[in-house]
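Below is one structure, written out as structure tokens, with a few remarks after it.
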Amino acid sequence: MAGIVVIGAGQAGASLVAKLRSEGYQGALTLIGEEPVPPYQRPPLSKGYLLGETERERLFLRPEKYYADQNIALKLGQRVTSIDRGARTVTAGDEVIAYDQLALTTGSRPRHLPEKIGGDLDAVFVVRNLADIDAMAPAAKDGARALIVGGGYIGLEAAAVATKLGVKVTLVEMAERILQRVAARETSDYFRALHQRHGVDIRESAGLDRLLGEDGRVTGARLTDGSEVEVDFVIAGVGITPSTWLAEMAGLEIDNGIAVDGQGRTSDPAIWAAGDCASFPYRGDRIRLESVPNAIDQAECVAANMLGAGKDYVPQPWFWSDQYDVKLQIAGLNTGYDRIVTRQGAGQTVSFWYYCGDDLRAVDAMNDPRAYMVGKRLIDAGKSPDPAAVADPETDLKTLLRA
């Protein structure tokens, strides 16, 4: 038996192989990763790791010894260049590896600024992997000037950490407001005010015209409103795209990622996919979730299904973002909302509840873990509390669970 091969040694790939072993799979198992280090956590990269508070080894999901102990062939620093579906083999460098079943957990890749506007200058960074942060760290020093392009969560988290390091930050967002694609205006207003209190110069409705440089290194930026900013380094936080090129070359169906069915199977019944790279059916639509919880849960579901469980993946979406002393916790998906209910707590504690008609869709909770937990339990249970009760600060949130 050729066994199971997993391509992509991130959170999803590591979760998938661990689940296979814990479910009793004893066959050959190979995990292939492009990076030269074992699977690691990505969220702390731009936070604790860049701040120098988290050591490199603490990022690793498991010690490298775990993979040997579990008889998992961990192939690091190797790029898979092709999949031969007919022969059921993958090629990595000079090695051809056979599989009975194949799982793609190839994740996503950051969008880079185009070369034609200076994206190829030195000191222009993205935030995605260890190498990105290691390259950025020497530039992110006290007194430096940074331009962050993009006002989504990636850009805002980078702004918060850079500010903590003493960097003077200018953040530009082409849209009318930060977080416009992913959050309500109320959440945008909250985080705009938070960053401005920490000295971040936020410029909305202002795109990047081009970067300016000397001797191949970035020195400034011209914005679409005609203004110019002097900078020492740039962070591009303009989103990520699913890493599908390998699947495309293999002729698999692509639809906002590698298209899988409810169980995680691609258009080839011997190939599965999970994590950032995979789009799956959800409530009559097809979605792709970019989050650690989804990477873990979907990968574990796929592992069980590779062993014959036959269970559909039912996501319970939740996300988080840490900025300064504020922890944002998000439950649910806020697509299709038509009104926001605000529940105000003390100080910076507040939560925004997304409704479509009488249907609760999502909750954004800032420094309010109780609102988040109650909201998540309500959404997971398909319950929608009276908006007036949610908005009333005298309402004990736990009573909403019993309604």
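Residues in the stretch 159-175 that are within 20 Å of L223 (Cα to Cα) and either in contact (Cβ under 8 Å) with a residue 60 or more places away in the chain or part of a helix (DSSP H, G or I) (or both): A159, T170.
Taken over the stretch 380-395, residues that are in a helix (DSSP H, G or I) and closer than 26 Å to Q323 by Cα amount to 2.
For the stretch 49-70, state whether one or more residues are at pLDDT 95 or above, polar (S, T, N, Q), over 23 Å from the mean Cα position of the chain (by Cα) and not in a loop (DSSP other than H, G, I, E, B). Taking every residue of the stretch 49-70 in turn, none turns out to be at pLDDT 95 or above, polar (S, T, N, Q), over 23 Å from the mean Cα position of the chain (by Cα) and not in a loop (DSSP other than H, G, I, E, B). If you go through the stretch 216-246 and pick out every residue that is touching a residue at least 60 places away in the same chain (Cβ under 8 Å) and assigned to a loop (DSSP other than H, G, I, E, B), you end up with 8. Of the residues screened, V37 is not one that is part of a strand (DSSP E or B) and surrounded by 16 or more Cβ atoms within 10 Å (Cβ to Cβ).
Checking each residue in the stretch 52-81 for being open to solvent by less than 50 Å² (accessible area, probe 1.4 Å), in contact with a helix residue (DSSP H, G or I) (Cβ under 6 Å, 6 or more places away or on another chain) and not β-branched (V, I, T) picks out only L74.
The single condition among (1) assigned to a loop (DSSP other than H, G, I, E, B); (2) of a type in the set (A, V, I, L, M, F, W, C); (3) open to solvent by 40 Å² or more (accessible area, probe 1.4 Å) that I154 does not meet is (1).
The condition (being at pLDDT 95 or above and not in a helix (DSSP H, G or I)) is satisfied by just one residue among D120, D132, D189: D120. Residues in the stretch 316-323 include at least one that is under 30 Å from G166 (Cβ atoms), in contact (Cβ under 8 Å) with a residue 12 or more places away in the chain and open to solvent by less than 30 Å² (accessible area, probe 1.4 Å). Could you list all residues from the stretch 306-328 that are part of a strand (DSSP E or B), out of contact with any Phe, Trp or Tyr (no Cβ under 8 Å at 6 or more places or on another chain) and charged (D, E, K, R)? Passing the criteria: only D322. What is the one condition in (1) open to solvent by 30 Å² or more (accessible area, probe 1.4 Å); (2) touching a Leu at 6+ places or on another chain (Cβ under 9 Å); (3) within 18 Å of D276 (Cβ to Cβ) that V17 does not satisfy? Against the list (1) open to solvent by 30 Å² or more (accessible area, probe 1.4 Å); (2) touching a Leu at 6+ places or on another chain (Cβ under 9 Å); (3) within 18 Å of D276 (Cβ to Cβ), V17 comes up short only on (1). Scanning the stretch 349-379 for residues that are part of a helix (DSSP H, G or I) and of a type in the set (K, R), we see that the one that is most open to solvent (accessible area, probe 1.4 Å) is R377.
May I ask you to say which residue of L307, L252, L289 is modelled with pLDDT of 95 or more, open to solvent by 60 Å² or more (accessible area, probe 1.4 Å) and not charged (D, E, K, R)? Testing whether each residue is modelled with pLDDT of 95 or more, open to solvent by 60 Å² or more (accessible area, probe 1.4 Å) and not charged (D, E, K, R) leaves just L307. Put simply, of A144, A140, A183, A162 the only residue that is farther than 23 Å from H112 by Cβ, open to solvent by less than 30 Å² (accessible area, probe 1.4 Å), modelled with pLDDT of 95 or more and small (G, A, S) is A183. The residues of the stretch 388-403 that are surrounded by fewer than 16 Cβ atoms within 10 Å (Cβ to Cβ) and not acidic (D, E), listed by number, are A388, A391, P393, T395, K398, T399, L401, R402, A403. Just one of the listed residues (L130, L104) is farther than 25 Å from S22 by Cα and open to solvent by less than 60 Å² (accessible area, probe 1.4 Å), namely L130. Would you say T335 is surrounded by fewer than 16 Cβ atoms within 10 Å (Cβ to Cβ) and polar (S, T, N, Q)? Answer is yes for this residue.
If you check every pair at least six apart or on different chains, which have Cβ atoms under 8 Å apart with a residue in the stretch 375-403 that is touching a residue at least 60 places away in the same chain (Cβ under 8 Å) first and a residue that is part of a helix (DSSP H, G or I) and surrounded by 13 or more Cβ atoms within 10 Å (Cβ to Cβ) second? If the second residue must be part of a helix (DSSP H, G or I) and surrounded by 13 or more Cβ atoms within 10 Å (Cβ to Cβ), no pairs are left.
The values are calculated or read from the model by the stated rules, or taken from the named source; none is laboratory data. Note that the coordinates shown come from a computational prediction; the quantities given were computed from them, not determined experimentally. For neighbour counting, all protein chains shown are included, and Cβ atoms are generated from backbone atoms with ideal geometry for every residue, glycine included. Only protein heavy atoms, including side chains, enter the accessible area calculation; ligands, DNA and RNA are left aside. Shrake-Rupley method; radii C 1.70, N 1.55, O 1.52, S 1.80 Å.
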